[in-house]
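Take a look at the structure set out below.
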Amino acid sequence: VVRPATLDSSAHRGIACVRCHPRAEQFPHVAEAGIAAPCESCHAAADSTWRAGVHHFATGDSARARCVECHGSHRIVPVARLAPLAGAATMNGACVRCHADMAPAPGDVHADSVACIQCHGAHGMRPVADPATHGLAVGIARACAACHAAEAREYWQDAHGALAARQAAGEAPLGRDTAATCVDCHWGHAVRVPQDRRAHFAFADACIRCHPRYGATFRESYHGQATRVGSERAALCADCHTAHSVYPTANPASSVSAARRTAMCRQCHAEATARFAGYLPHADPRDRARFPGLYALWLAMTILVVVVTLIYIGHAVLVSRRTVLERRAQP
Amino acid sequence: VKVKDVWFNGGIALDAAERGGGPFIWRFTVFERVLHTVVAVAFFVLAFTGLPLRFSCVAWAPTLIAMWGGAPAAGLIHRWAAGVVLACMAIFTLYLAVRFAKAPDKRRFIPGPDSIFLQRSDFREFWQMLKWSVGRASKPRFGRYSYRQRFSYFVAFLGMMVIGLSGLLLWFPEWFGRFLPGYVFNVATVIHSYNVMLLAALIVTYHFVDVHLRPNKAPLDGVMFTGRATFAYMQEEHPLLAEAIGDPAAGPVSARAVRDRVAPPPPTWMRRVHVALGMVALALGALLVGLSLWDALC
């Protein structure tokens, strides 16, 4: 039973019950009188965007979210009237009722300050991997720009953003991987501050997911080894390649282009010379075609190590065996 | 059974150099023993600060580094330990030079029975040892040093020079980058990393097995730590030297560590310390083997 006091704090205070429950006009009430809630009769615009969104079209039989699932019913309050954080908490609470597994991870910098709907949209909410944008999360990426305008400006120009925009628009083939959008590297529900050096290892792993060959050579270089055992000083991907202005090395705009590489090395190695910058950070001594000199050295050293170790072990086994045999022969 | 009995008196001594009859004979001077201990400790420090980097994909490599106080601390300790080894090499070279200057017969200093330098006879003895191991020759009779000890010295010295030089390149890349192309750091990385494997294999699969684990020595041999071994041990391992020493009972007991003189038995504290250290070293060696095998799986 709804008491009049329940409606006192509601935005709908003073609106007749039958506006939302038209079948309650029948008397005596029929059992289904409570369920019809024709919100669209007043909120037509919100209703039509909702019909385009994921909560309307991606229905199961019972799991779809109608107005009351998020907004509540008799205690309904306009989002704008709540303090921003309280509003966020109220709406997040509504989302988490169905999407419990999507609650922000501990340490997510957005957890207490950003509401679900700020990134995902409200009534017109689309899937993150939106089929309308060929599965690229460009909708989320555009939402990020609302707060992170400078990063977004760089991102939409660089190799990742420019390709993501073209792939989303259907102008570029999708290939094996789609271009990275914000959430591919920043994890939608475990967003970290960039100053958190420990989180940078996770960023490197995000790069390596799509660039496994560069990842493998990075992991075998001093930078990759030191960072993996816990160094927070050694360079990770974005320290040389930048985070949001990533271009192929051949592109003069790249932070590691021939003209700009030495300057990039100097970020950490203050005394770096152009000769120093000739170091090949992604050299692969096992790649015979691209690094024949290193390959020859690697092969020679490997054979030496294996052969010598086998001789050591063989020598020990042979001598030990004979020693035991001779000892047994003695009375 | 008291621990003391198990270790030293009852049954067979854990230390191979204390087994068998006869008095103890001085084999290594205090200088050599201290130098060896310092280098051995530095080896483990270098291995456990460096190899977790090379085998960084092993799940517990970051834990090993964290035990040193994190990556920057481990990096610093690695460089300090490398400095210690380089200093030991310099001191040892100087020591050899002094001994050479004092040697009465300089022609027999480098290729000679008392020399630690690898020489032609060692290859002959190696071949004879292999033939003996399949029952086709008599066992070679070694003098002061066997081919195994000379070979270990040769590989360790050469290896440390190469590892030290490539390590210096990687330690001061900015300075070397003033006049050397960046490619040398790629080369130095490969050389440093694989020469370390060569040296670690020598220490762990050869030196440890040959000195400590082979059947007539297991579980360990402490002659390098106590500086002395029984006459029976000398007859077994270095028969030509034992013959040259002659009747051990004839000489007076020398309290000072003078080579080939009769020595007092090692004091109890020294036996305890060196047996404990030796066991720890063997366990650490096994851990290094585990680290490299684990790496092969990832």
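Quick check on segment B:249-263. Is at least one of its residues open to solvent by less than 20 Å² (accessible area, probe 1.4 Å), at pLDDT below 95 and touching an Asp or Glu at 6+ places or on another chain (Cβ under 8 Å)? Checking segment B:249-263: not a single residue is open to solvent by less than 20 Å² (accessible area, probe 1.4 Å), at pLDDT below 95 and touching an Asp or Glu at 6+ places or on another chain (Cβ under 8 Å). Could you tell me how many of the residues in segment A:145-163 are surrounded by 21 or more Cβ atoms within 10 Å (Cβ to Cβ) and under 21 Å from A:GLN118 (Cα atoms)? Adding up the residues that qualify gives 2.
Looking at B:ARG144, B:ARG136, which is the one that is away from chain A (no Cβ under 11 Å) and surrounded by fewer than 21 Cβ atoms within 10 Å (Cβ to Cβ)? Exactly one of B:ARG144, B:ARG136 is away from chain A (no Cβ under 11 Å) and surrounded by fewer than 21 Cβ atoms within 10 Å (Cβ to Cβ), namely B:ARG144. Looking at the structure I just gave you, is A:GLY107 at positive phi, in contact (Cβ under 8 Å) with a residue 60 or more places away in the chain and either among the hydroxyl-bearing types (Ser, Thr, Tyr) or out of contact with any helix residue (DSSP H, G or I) (no Cβ under 7 Å at 6 or more places or on another chain) (or both)? Here the answer is yes, as A:GLY107 does meet what is asked. One residue alone among B:ILE65, B:ILE25 is in a strand (DSSP E or B) and at pLDDT 90 or above, and that residue is B:ILE25.
Matching residues to (1) within 30 Å of B:VAL253 (Cα to Cα); (2) within 24 Å of the chain's Cα centre (by Cα); (3) away from chain A (no Cβ under 14 Å):
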{"residue": "B:PRO23", "(1), (2), (3)": "yes, no, yes"}
{"residue": "B:ARG33", "(1), (2), (3)": "yes, yes, yes"}
{"residue": "B:THR49", "(1), (2), (3)": "no, yes, no"}
{"residue": "B:PHE92", "(1), (2), (3)": "yes, yes, yes"}
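Just to be sure, is B:TYR233 open to solvent by less than 30 Å² (accessible area, probe 1.4 Å) and closer than 21 Å to B:ALA257 by Cα? In short, yes. Within segment B:77-120, if we keep just the residues that are part of a loop (DSSP other than H, G, I, E, B) and touching a residue at least 24 places away in the same chain (Cβ under 8 Å), the residue that is surrounded by the most Cβ atoms within 10 Å (Cβ to Cβ) turns out to be B:LEU118. Do we have any residue at all in segment A:215-227 that's in contact with a Phe, Trp or Tyr (Cβ under 9 Å, 6 or more places away or on another chain), of a type in the set (Phe, Trp, Tyr), closer than 24 Å to A:ALA270 by Cα and modelled with pLDDT of 90 or more? Checking segment A:215-227: at least one residue is in contact with a Phe, Trp or Tyr (Cβ under 9 Å, 6 or more places away or on another chain), of a type in the set (Phe, Trp, Tyr), closer than 24 Å to A:ALA270 by Cα and modelled with pLDDT of 90 or more.
Of all the residues that make up segment B:161-182, how many are of a type in the set (D, E, K, R) and out of contact with any Asp or Glu (no Cβ under 6 Å at 6 or more places or on another chain)? The total comes to 1.
Where helices (runs of 4 or more DSSP H) sit wholly within segment A:221-317, those with at least 3 residues that are surrounded by 13 or more Cβ atoms within 10 Å (Cβ to Cβ) and more than 9 Å from chain B (Cβ to nearest Cβ) occupy A:237-241, A:261-265. Filtered by the rule that a residue be assigned to a helix (DSSP H, G or I) and over 19 Å from A:GLN267 (Cβ atoms), segment A:200-213 gives A:ALA202, A:ASP205, A:ALA206, A:ILE208, A:ARG209, A:CYS210, A:PRO212, A:ARG213. Determine, yes or no, whether B:PRO267 is of a type outside the set (A, V, I, L, M), over 27 Å from A:VAL324 (Cα atoms) and in contact with a strand residue (DSSP E or B) (Cβ under 8 Å, 6 or more places away or on another chain). Taking the combined requirement at face value, the residue does not satisfy it. Taking first residues from segment B:121-146 that are farther than 17 Å from B:LEU240 by Cβ and partners that are open to solvent by less than 60 Å² (accessible area, probe 1.4 Å) and small (Gly, Ala, Ser), the Cβ contacts under 6 Å between residues at least 6 apart in sequence or on separate chains come to B:LYS131/B:ALA137. Flag: A:ALA5 does not match the condition of being of a type in the set (A, V, I, L, M), surrounded by fewer than 14 Cβ atoms within 10 Å (Cβ to Cβ), modelled with pLDDT of 80 or more and within 25 Å of A:ALA89 (Cα to Cα).
The values are calculated or read from the model by the stated rules, or taken from the named source; none is laboratory data. Computed from a predicted model, the values in this text were never measured in an experiment. Methodologically, a virtual Cβ is constructed for each residue, glycine included, from the backbone with ideal geometry; neighbour enumeration extends over all protein chains shown. Surface accessibility is based on the protein's heavy atoms, side chains included, excluding ligands, DNA and RNA. Shrake-Rupley method; radii C 1.70, N 1.55, O 1.52, S 1.80 Å.
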